[in-house]
1. Helix A:165-178 versus the longest principal axis of chain A: what angle, 0 to 90°, nearest 10, using Cα atoms?
2. Under the Karplus relation 6.51 cos²θ - 1.76 cosθ + 1.60, θ = phi - 60°, what is the ordered set of whole-Hz ³J(HN,Hα) values for the stretch A:204-217, x standing for Gly and Pro?
3. Shape of the stretch A:43-124 from its Cα gyration tensor (a ≥ b ≥ c, root eigenvalues): rounded if a/c is under 1.5, otherwise prolate when a/b > b/c, or oblate?
4. Got a sec to turn the phi values of the stretch B:8-23 into Karplus ³J(HN,Hα) couplings, 6.51 cos²θ - 1.76 cosθ + 1.60 with θ = phi - 60°, whole Hz, x for Gly and Pro?
5. How big is the gap, in Å, between the Cα center of the stretch A:322-350 and the Cα center of the stretch A:245-282?
6. For the stretch B:304-320, take each phi angle, set θ = phi - 60°, evaluate the Karplus expression 6.51 cos²θ - 1.76 cosθ + 1.60, and give the result in whole Hz per residue in order, putting x for glycine and proline.
7. Just how large is the dipole of the stretch A:211-271 about the Cα centre, in debye to the nearest 20, putting +1 at every Lys and Arg Cβ and -1 at every Asp and Glu Cβ?
8. Which of A:His105, A:His118 has the fewest other C-beta atoms within 10 Å, and how do the rest follow up to the most?
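Just so it is clear, none of the values below were taken in a lab; they were calculated from the coordinates. For clarity, every value in this text was computed on a predicted model and none was experimentally measured. Cβ placement follows ideal geometry from the backbone for every residue including glycine, while neighbour counts extend to all protein chains displayed.
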Protein chains: 2
Amino acid sequence: MFGSRRSALRALVTGAGIDALLVTDLVNICYLTGFTGSNAALLVHVDGEQASRFCTDGRYSSGARVVELETVIDRASALALASEVRGWGVRRLGFESDVVTVDAHSALVGAAEGVTLHRTPGLVQLLRLVKDDGEVAALRAACDAADAALADLFAAGGLAAGRSERAVALDLEARMRHHGAVGPSFETIVASGAHSAVPHHRPTDAVLRRGDLVKMDFGALVDGYHSDMTRTVVLGPAAGWQRETYELVAAAQRAGCAALAPGAGVVEVDATARAVVEEAGRGDEFVHGLGHGVGLQIHEAPWIGRTGTGKLTAGMAVTVEPGVYVEGRGGVRIEDTLVVRVGGPELLTRTTKDLVEV
Amino acid sequence: MFGSRRSALRALVTGAGIDALLVTDLVNICYLTGFTGSNAALLVHVDGEQASRFCTDGRYSSGARVVELETVIDRASALALASEVRGWGVRRLGFESDVVTVDAHSALVGAAEGVTLHRTPGLVQLLRLVKDDGEVAALRAACDAADAALADLFAAGGLAAGRSERAVALDLEARMRHHGAVGPSFETIVASGAHSAVPHHRPTDAVLRRGDLVKMDFGALVDGYHSDMTRTVVLGPAAGWQRETYELVAAAQRAGCAALAPGAGVVEVDATARAVVEEAGRGDEFVHGLGHGVGLQIHEAPWIGRTGTGKLTAGMAVTVEPGVYVEGRGGVRIEDTLVVRVGGPELLTRTTKDLVEV
């Protein structure tokens with residue numbers, strides 16, 4: 001699997017007109033090798049696996065055995081490879097200019113004597129945009145763990161007046177672990193009452209009260225892949241404005257999901273969902289983009305928003321998460337993770353989106 | 001507090017010969033403003049608070065109120081500020097060249113018309129090196145939570161043959177939360193038997209067995225600050241080689257801690273502890289640096305190792321963590337978090353370092 005990913009990358013490297021790509025982004029390295037330590041560099045040479053090299057430091061010398069490439073042990077991983085590439089026949093060396101810092105670039109220029117450095121941003125990310133079957137299976141497992149955790153929370157009466165946001169967040173995280181997650185895929189958001197109007201609220205000791213909107217945005221990490229889901233419920237019977245806001249967001253979310261199709265522009269998908277909110281005269285209360293890609297990172301390309309670029313492709317995994325926030329009162333966000341497919345998206349987060357009055 | 005940190009930074013900005021510093025590193029922004037969202041930029045102008053600006057996007061417009069500076073709401077935070085700086089009297093704009101990527105730098109150059117960009121790496125990190133009283137209090141609370149969790153784990157018989165590494169890791173994390181942590185400060189390491197020879201082992205379903213070395217490297221996150229501690233125990237009576245390795249590492253660790261003093265060079269501190277291992281003829285089995293700074297990041301400057309630079313100063317918070325690893329058999333690491341003080345370091349992680357035979 002990793003070998004075939006490196007092979008696919010070689011096509012892009014060749015297309016970029018370079019002899020080799022120096023990969024220093026650790027998520028990209030994980031994607032290409034399976035290595036998950038905190039220090040590594042990978043040289044993908046157009047001449048193939050024998051000409052390619054992996055580098056990490058002494059802490060990981062045994063862990064590096066998962067990487068089926070000749071391995072160099074050196075703490076200064078990227079510089080160690082850069083200083084050798086000329087001897088390996090590289091004249092034009094690509095680097096990840098969207099990842100490498102200005103200072104690190106200067107150091108690379110110093111190390112890679114006799115070699116020209118070329119900006120080649122986003123090559124590995126291009127491959128990562130479309131998930132293969134193994135990746136979708138991991139995403140599915142992560143989404144299943146989150147769904148199961150929320151179902152358990154409901155069943156156990158875990159959403160009750162008197163509990164703190166923090167307690168509910170910890171409860172959700174423990175239940176995701178119980179269902180196979182190694183941990184949450186990001187800091188769990190539980191926001192009750194007026195807090196629900198803050199898109200990215202951190203759970204506090206504030207206590208859930210009857211009549212509150214409770215917004216939960218959370219996900220599970222399984223086999224390195226992230227899930228992302230938001231559900232908003234009401235503690236008790238919904239007030240008129242709560243129901244109205246909820247139904248508006250739900251309609252926008254349905255429209256966004258329905259717009260997911262191979263070939264659809266990310267700006268158009270955002271606009272389709274946003275139009276529903278704008279037609280209700282509440283466009284100002286939808287203060288963020290519609291969604292983002294999900295995979296080895298919780299937020300990755302493609303970006304579905306007003307300022308995005310590009311089109312969707314079958315096999316992309318994305319979120320659709322409109323929100324409407326009434327400052328000082330409360331807000332609603334509904335979010336799913338889906339895979340773009342011909343004939344309609346595959347829904348990975350399957351908890352109901354009907355208004356739940358706990 | 002944040003105002004006085006920005007004031008201290010202004011002295012460094014002035015010293016660097018620039019009119020303003022564009023801060024884009026989110027940890028540095030948190031240090032300077034208290035803001036903890038995922039998108040922000042901060043312009044620290046030499047002319048003072050009135051001339052300085054903060055920028056984040058619409059998701060955080062209410063959260064941005066913690067920042068006592070004029071705030072711009074714009075998704076392209078760094079570029080939004082860069083495009084306005086000329087109007088704010090900036091001719092020489094510093095940027096964090098150790099953080100800004102090559103591509104982001106190009107975009108900044110395009111946005112900041114009529115302004116020259118200057119590399120000014122590490123200015124905020126210089127301030128962060130020395131912890132103020134509030135920061136030490138947070139570090140102390142984080143270390144206390146980790147100590148208390150491990151004490152509870154021992155008391156509850158949580159280190160027992162038959163339990164998996166993963167179960168022990170989750171147990172430790174839950175107990176740290178119980179003692180006030182918002183979560184672990186990094187992925188908890190529990191490594192038993194031969195796994196303990198892997199410096200950065202990820203917990204597996206492998207089961208602890210009688211006679212195993214069990215290495216636990218873990219920390220708590222409290223108020224944004226991290227703790228870091230490693231203890232290695234034996235399940236049952238220690239074999240001769242286990243005890244010998246343990247006592248060697250403990251002696252090296254004591255030597256390293258004793259060497260922590262204002263004015264001591266980081267390379268010398270590393271060498272002092274390493275000499276103990278080398279004199280036993282086992283220098284090759286100590287494959288990593290001696291320690292690192294701890295604060296808003298789990299790993300930050302200063303770096304205490306063979307290739308570090310600089311000297312210690314009173315108020316720095318650092319780890320001392322020698323390890324000796326016997327591949328295929330097992331390894332021992334002992335790690336504390338301490339604050340460098342005149343008259344001797346303040347020990348923050350206070351769990352015993354005597355050999356524990358569970």
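1. Taking Cα atoms only, the helix is inclined about 60 degrees.
2. 10, 7, 4, 9, 5, 10, 4, x, 6, 6, 10, 9, 10, 10
3. Judged from the Cα gyration tensor, the stretch A:43-124 comes out prolate (a/c at least 1.5, a/b above b/c).
4. Ordered by residue, 3J(HN,Hα) equals 4, 5, 4, 4, 5, 5, 4, x, 7, x, 10, 7, 7, 10, 8, 9 Hz.
5. So the two Cα centres are separated by 10 Å.
6. Per-residue couplings from phi come out as 9, x, 5, 10, x, 9, x, 10, 7, 10, 4, x, 6, 10, 9, 9, 10 Hz.
7. Details: 4 positive and 8 negative charges, 37 e Å.
Around 180 debye, computed over the stretch A:211-271.
8. Going from least to most buried by this count: A:His118, A:His105.
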